[in-house]
Amino acid sequence: MAEQTKKWRIVAVRRLSEAQLGSLSEVAEVDYFEDVDESNRADFMAALSKAHGLIGGKLELNEAMLAKAPGLQVVSTISVGYDHLPLEALNRRGILLCNTPDVLTETTADTAFALIMATQRRLVELANLVRDGGWRTHIRPEYFGIDVHGKTLGIVGAGRIGAAIARRGALGFGMPILYTAASSKPALEQQLGAQRRELNDLLAEADIVCLSVPYNSDTHHLIDADALARMKPTASLINIARGKVVDEPALIEALHSGGIRAAGLDVFAEEPLPANSPLAAMNNVVTTPHIGSATHETREAMAQLAVDNLLGALTGSGPLNAVNE
Ligand code: DGY
């Protein structure tokens, strides 16, 4: 396409394929940054100051940066979560925010189930035992795990991802499902026999508590010392939501003291998880590095949806997923 027909400038950060960058380049001047750090922050800001659209994963953006980007019309994040972005400031400036729901639902539910299986059956701890030459005789009860099938699965936040986790539990593992949600979910109740509970009741009844709520001021430290104390000492906590939904020091204390049995964590208050975090060293904790949606297929689909959102918003055909329209 001829240079003069390119009405827009786009800044792209991380996770876009050649083809995706190509389709953006057909309609816009694109400044692509594989990463933004101290070495290229000034270049990034210079590009942003002229941009109409910004697209990327793990975007770092704040009010001061937006003030230097007067032409910015659309931010297209390659994530379903947008708690890392300054929504109020975007709203004030009339900047559209788009995200990537749906395409990562099943993969993120798979991640939750991987953590459930690993935590209940102590997969990482026992794999390490084999790797370290510690398997010298038949496995004794001190290494036994806990069944997954038939256990009660409590889903805190039965949105799209929570519902996908519930389906796996009910249909694949015969698990009774409890859930919290702002309103009841007839489909989950009819198809899976799921039952809605208040959070405190769910915490007291579930054998496995799985967090799949968005992070916001209402869910900050939703799982604190009091909440953990309501859980059974035999129960496990799985977090694929956001780290700050859990009061991490309280969780560490509950795991140390036997307040709860185990945790499977994909997200942390600080990411990357500091190497000296007790969570990284505890045998009853399985940690993964925020890989909820991190498969080739799903990351590709998320990036494509973010591209479609951005182009739809800029060209006027409409974004597929606007957060603040
Ligand atoms: C999301 O999409 O929000 C996932 O947590 C990946 O960042």
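The values are calculated or read from the model by the stated rules, or taken from the named source; none is laboratory data. Owing to the predicted nature of the structure, the values given are computational and were not obtained by experimental measurement. Cβ coordinates were reconstructed from backbone atoms using ideal geometry, including for glycine residues, and neighbour counts include every protein chain displayed.
Identify all residues within the range 275-299 that are surrounded by 15 or more Cβ atoms within 10 Å (Cβ to Cβ) and small (Gly, Ala, Ser); write none if there are none. 277, 292, 293, 294 - these are the residues of the range 275-299 that are surrounded by 15 or more Cβ atoms within 10 Å (Cβ to Cβ) and small (Gly, Ala, Ser). For the range 48-55, the condition of being at pLDDT 95 or above, assigned by TED's automatic domain parsing to the domain that holds residue 308, surrounded by 14 or more Cβ atoms within 10 Å (Cβ to Cβ) and within 16 Å of the ligand (Cβ to nearest atom) holds for at least one residue.
Only one residue in 194, 181, 187 is within 14 Å of residue 158 (Cα to Cα), within 19 Å of the chain's Cα centre (by Cα) and at pLDDT 95 or above. Which one? I'd like the intermediate steps shown before the answer.
On the way: 194 fails: within 19 Å of the chain's Cα centre (by Cα); 187 fails: within 19 Å of the chain's Cα centre (by Cα).
So the residue among 194, 181, 187 that is within 14 Å of residue 158 (Cα to Cα), within 19 Å of the chain's Cα centre (by Cα) and at pLDDT 95 or above is 181.
Hey, can you tell me all the residues within the range 152-168 that are in a helix (DSSP H, G or I) and hydrophobic (A, V, I, L, M, F, W, C)? Can you show your working first?
Of all residues in the range 152-168, those in a helix (DSSP H, G or I) come to 160-168.
Within the range 152-168, 161, 163, 164, 165, 166 meet the criteria.
Residue by residue through the range 102-117, note down the ones that are within 16 Å of the ligand (Cβ to nearest atom) and farther than 21 Å from residue 301 by Cβ. The one that is within 16 Å of the ligand (Cβ to nearest atom) and farther than 21 Å from residue 301 by Cβ: 115. Examine the range 117-134 for a residue that is surrounded by 12 or more Cβ atoms within 10 Å (Cβ to Cβ), within 20 Å of residue 227 (Cβ to Cβ) and modelled with pLDDT of 95 or more, and state whether such a residue exists. For the range 117-134, residues surrounded by 12 or more Cβ atoms within 10 Å (Cβ to Cβ), within 20 Å of residue 227 (Cβ to Cβ) and modelled with pLDDT of 95 or more: present. Scoring residue 289 on the criteria (1) in contact (Cβ under 8 Å) with a residue 24 or more places away in the chain; (2) closer than 26 Å to residue 164 by Cα leaves a single failure, condition (1).
I'm trying to understand the selection: among the residues of the range 1-44, which are exposed (fewer than 15 other Cβ atoms within 10 Å of the Cβ) and not charged (D, E, K, R)? It would help to see each step written out before you state the result.
Applying the first criterion (exposed (fewer than 15 other Cβ atoms within 10 Å of the Cβ)) to the range 1-44 yields 1-5, 7, 17-19, 22, 26, 34-35, 37-43.
Once the filter is applied, which keeps residues that are exposed (fewer than 15 other Cβ atoms within 10 Å of the Cβ) and not charged (D, E, K, R), the range 1-44 yields 1, 2, 4, 5, 17, 19, 22, 39, 40, 42.
When 5, 111, 77 are screened for being within 17 Å of the chain's Cα centre (by Cα) and either within 30 Å of residue 173 (Cβ to Cβ) or modelled with pLDDT under 95 (or both), only 111 passes. In the range 60-101, the qualifying residues are those that are within 11 Å of the ligand (Cβ to nearest atom) and surrounded by fewer than 17 Cβ atoms within 10 Å (Cβ to Cβ), and the one that is farthest from residue 47 (Cα to Cα) is 83. Annotation note: Cβ proximity below 7 Å between a residue of the range 79-94 that is among the β-branched types (Val, Ile, Thr) and a residue that is assigned to a helix (DSSP H, G or I) and within 14 Å of the ligand (Cβ to nearest atom) (sequence gap 6+ or interchain) occurs for no pair.
Here is a yes/no grid of residues against (1) closer than 17 Å to residue 55 by Cα; (2) within 15 Å of the ligand (Cβ to nearest atom); (3) in contact with a helix residue (DSSP H, G or I) (Cβ under 9 Å, 6 or more places away or on another chain):
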site: 289; (1), (2), (3): no, yes, no
site: 292; (1), (2), (3): no, yes, yes
site: 307; (1), (2), (3): yes, no, yes
site: 313; (1), (2), (3): yes, no, no
